[in-house]
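Each remark here refers to the structure printed beneath this line.
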Amino acid sequence: MRNTQATKLVFELSKPGRHGTRLPESDVPERPLDELLPPAAVADDPPPLPELAEPDVVRHYTNLSTLNMSVDTHCYPLGSCTMKYNAKRNERMASLPGMANLHPYQASATIQGMLQLLFDLQRMLAEIAGLPAVSLQPAAGAHGELTALMVAAAYFRELGQRRTKVLTPDSAHGTNPASARMAGFDSVTIKSNTQGLVDMEDLKHKLDQEVGVFMITNPNTLGIFDDQVGEIAELVHKQGGLIYLDGANMNAIMGITRPGDFGADMMHFNPHKTFSGPHGGGGPGAGPICVAERLGPYLPTPVVVRQGERYLLAQPSPHSIGRVRSFFGNVGVLVRAYCYIRTHGPDGLRRVSENAVLNANYLLSRVKHILPVPQGDRCMHEFVASAASLKKDKGVPAMDLAKRLIDFGFHPPTVYFPLTVQEAMMIEPTETESKETLDAFAEALFRVTEETPELLHESPHTTVISRPDEVRAARQPILKWSPPD
Ligand SMILES: Cc1ncc(COP(=O)(O)O)c(C=O)c1O
């Protein structure tokens with residue numbers, strides 16, 4: 001039976017005259033409203049607010065919060081998104097009054113602690129990236145991509161070079177070509193070879209002096225480290241182009257290797273993935289970028305600098321591309337990233353990556369007996385299984401398996417990405433899951449593949465809404481309640 005306290009709207013639970021609190025009788029003499037406010041400011045009718053008792057409100061919202069999946073309630077093996085458990089310690093640190101109650105308009109003399117934290121975070125990210133110049137401003141990975149490409153465009157403008165193209169592999173996240181277009185470049189796709197790596201022949205064929213940037217995700221979205229990256233960087237650099245490293249998959253390599261050391265000139269981090277910031281409802285995220293020294297002058301303004309014992313917000317140089325976000329970025333997420341990095345330290349970050357890779361390989365070794373994994377027996381922090389043969393033999397697509405996993409208490413893996421694998425299921429357990437949870441996931445996946453197509457087509461069976469039209473829900477959300485006629 002449905003819990004109506006959670007599924008009904010507060011407006012539907014409303015009963016006229018019901019209150020959460022009762023204020024004492026006023027002992028201030030009353031004056032007519034029209035003496036206090038001009039007529040235009042007075043509404044004809046009171047707003048139709050719901051009337052509820054405190055328990056109604058608390059139960060409604062508490063129950064509502066349990067209808068969704070989260071990293072606090074479920075294993076969330078959403079490939080490419082690195083949905084690791086967010087340690088509560090970092091949440092506590094970010095909500096300390098000295099952090100959370102700062103106002104960005106405060107004079108910098110009164111926020112020296114925060115500026116020091118951001119300055120130190122810039123240096124730590126530079127060290128992890130192997131790239132010295134940092135901007136903390138971008139608000140998400142995709143925003144970091146766009147910002148870095150704008151930096152690259154400014155750099156080429158300054159050199160007087162006309163570079164119109166950005167190359168992206170066909171396995172790239174959709175944000176890569178989209179960012180290229182938004183930054184004013186043409187996006188050119190490079191094919192993958194049969195091992196899922198960059199096809200070097202296709203790259204050589206399409207590489208010329210009009211190429212500004214090659215965007216590479218390494219490990220790539222198939223969970224494979226492309227060990228041709230050094231050679232790729234050499235080829236691109238020879239033509240005067242730059243290498244951009246999409247850092248969404250840093251969870252596999254941080255503390256082990258550095259993008260700057262394998263040829264990258266620019267990269268973004270996704271602190272809401274790698275450094276365990278929360279991914280709340282499309283944000284707030286962060287997408288700091290790190291770039292090579294020669295690109296530093298073009299970074300967005302402001303950056304945090306130290307002058308003697310003082311920390312200041314400053315413009316990197318007159319060549320800066322300007323602001324890409326209000327104030328200094330999503331500082332709350334950056335504080336969590338700082339705490340995460342300081343808590344783990346250099347050896348701990350390396351262990352995070354090693355355990356993420358170990359967990360993914362363990363799960364791969366179990367899943368490959370259930371669903372084929374076209375790109376091999378070993379992976380980095382994630383792998384991509386394919387439900388293509390299940391679809392062909394039983395008419396069960398990846399989407400049905402993903403939806404049915406919800407009934408078994410697992411958030412679905414990413415499906416239908418990357419586009420290079422048919423009926424893709426991209427599975428990323430992260431280092432924060434135990435062996436027991438990984439075993440339970442493999443067991444659930446196995447049971448799901450044994451079920452009838454009819455049952456699977458209708459799944460999930462245990463949720464309030466079974467199969468919403470997700471695109472329509474995002475593009476045409478109904479956010480306003482209208483009373484029934
Ligand atoms: C490989 C890759 N690149 C870029 C992005 C974009 O990052 P964000 O969601 O922070 O904008 C993602 C997000 O999932 C990703 O997986």
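The values are calculated or read from the model by the stated rules, or taken from the named source; none is laboratory data. Note that this is a predicted model, so its numbers are computed, not measured. Cβ sites come from the backbone with ideal geometry, for glycine too, and all protein chains shown count toward neighbours. Heads up: the accessible areas ignore ligands, DNA and RNA and are worked out on the full protein's heavy atoms, side chains in. Shrake-Rupley method; radii C 1.70, N 1.55, O 1.52, S 1.80 Å.
Below, the figures for the structure above:
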read-out: Positions within segment 389-405 being without any contact (Cβ under 8 Å) to a residue 24 or more places away in the chain and closer than 10 Å to residue 415 by Cβ, in sequence order; value: 399, 402
read-out: Yes/no for residue 303 being buried (at least 21 other Cβ atoms within 10 Å of the Cβ), away from the ligand (no atom under 16 Å from the Cβ) and at pLDDT below 95; value: yes
read-out: Near pairs, Cβ below 6 angstrom, 6+ apart or cross-chain, from segment 262-280 (in contact (Cβ under 8 Å) with a residue 24 or more places away in the chain) to any residue that is of a type in the set (Phe, Trp, Tyr) and away from the ligand (no atom under 14 Å from the Cβ); value: 275/340; 276/340
read-out: Given (1) open to solvent by 40 Å² or more (accessible area, probe 1.4 Å); (2) closer than 30 Å to residue 380 by Cβ, number of the condition residue 44 does not satisfy; value: (2)
read-out: Conditions (1) surrounded by 10 or more Cβ atoms within 10 Å (Cβ to Cβ); (2) more than 29 Å from residue 11 (Cα to Cα); (3) polar (S, T, N, Q): number failed by residue 101; value: (1)
read-out: Selection count, segment 445-485, where residues are closer than 16 Å to residue 412 by Cβ, open to solvent by 80 Å² or more (accessible area, probe 1.4 Å), at pLDDT 90 or above and of a type in the set (Asp, Glu); value: 1
read-out: Residue count, segment 279-316 (criterion: at positive phi and more than 27 Å from the chain's Cα centre (by Cα)); value: 1
read-out: Criterion: touching a residue at least 40 places away in the same chain (Cβ under 8 Å), more than 17 Å from residue 431 (Cβ to Cβ), out of contact with any His (no Cβ under 6 Å at 6 or more places or on another chain) and assigned to a helix (DSSP H, G or I) - qualifying residue of 294, 325, 350; value: 294
read-out: Flag for residue 273 being open to solvent by 30 Å² or more (accessible area, probe 1.4 Å) and not small (Gly, Ala, Ser); value: no
read-out: Hits in segment 422-444 - residues which are in a loop (DSSP other than H, G, I, E, B) and either modelled with pLDDT under 95 or open to solvent by 60 Å² or more (accessible area, probe 1.4 Å) (or both); value: 422
read-out: Test result for residue 259, open to solvent by less than 10 Å² (accessible area, probe 1.4 Å) and more than 10 Å from the chain's Cα centre (by Cα); value: yes
read-out: Selection from segment 104-121 of residues that are open to solvent by less than 20 Å² (accessible area, probe 1.4 Å) and either at pLDDT below 95 or out of contact with any Lys or Arg (no Cβ under 9 Å at 6 or more places or on another chain) (or both); value: 111, 114, 117, 118, 121
read-out: Tally of residues being closer than 22 Å to residue 480 by Cα and exposed (fewer than 10 other Cβ atoms within 10 Å of the Cβ) across segment 10-26; value: 1
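Here is a yes/no grid of residues against (1) open to solvent by less than 80 Å² (accessible area, probe 1.4 Å); (2) at pLDDT below 90; (3) assigned to a loop (DSSP other than H, G, I, E, B):
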position: 28; (1), (2), (3): no, no, yes
position: 40; (1), (2), (3): no, no, no
position: 48; (1), (2), (3): no, yes, yes
position: 55; (1), (2), (3): yes, no, no
position: 60; (1), (2), (3): yes, no, no
position: 63; (1), (2), (3): yes, yes, no
position: 69; (1), (2), (3): yes, no, yes
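One line per residue, one yes/no per condition, for (1) at pLDDT below 95; (2) within 12 Å of the ligand (Cβ to nearest atom):
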{"residue": "238", "(1), (2)": "no, no"}
{"residue": "243", "(1), (2)": "no, no"}
{"residue": "246", "(1), (2)": "no, yes"}
{"residue": "256", "(1), (2)": "no, no"}
{"residue": "272", "(1), (2)": "yes, yes"}
{"residue": "279", "(1), (2)": "yes, yes"}
{"residue": "284", "(1), (2)": "yes, yes"}
{"residue": "292", "(1), (2)": "no, no"}
{"residue": "297", "(1), (2)": "no, no"}
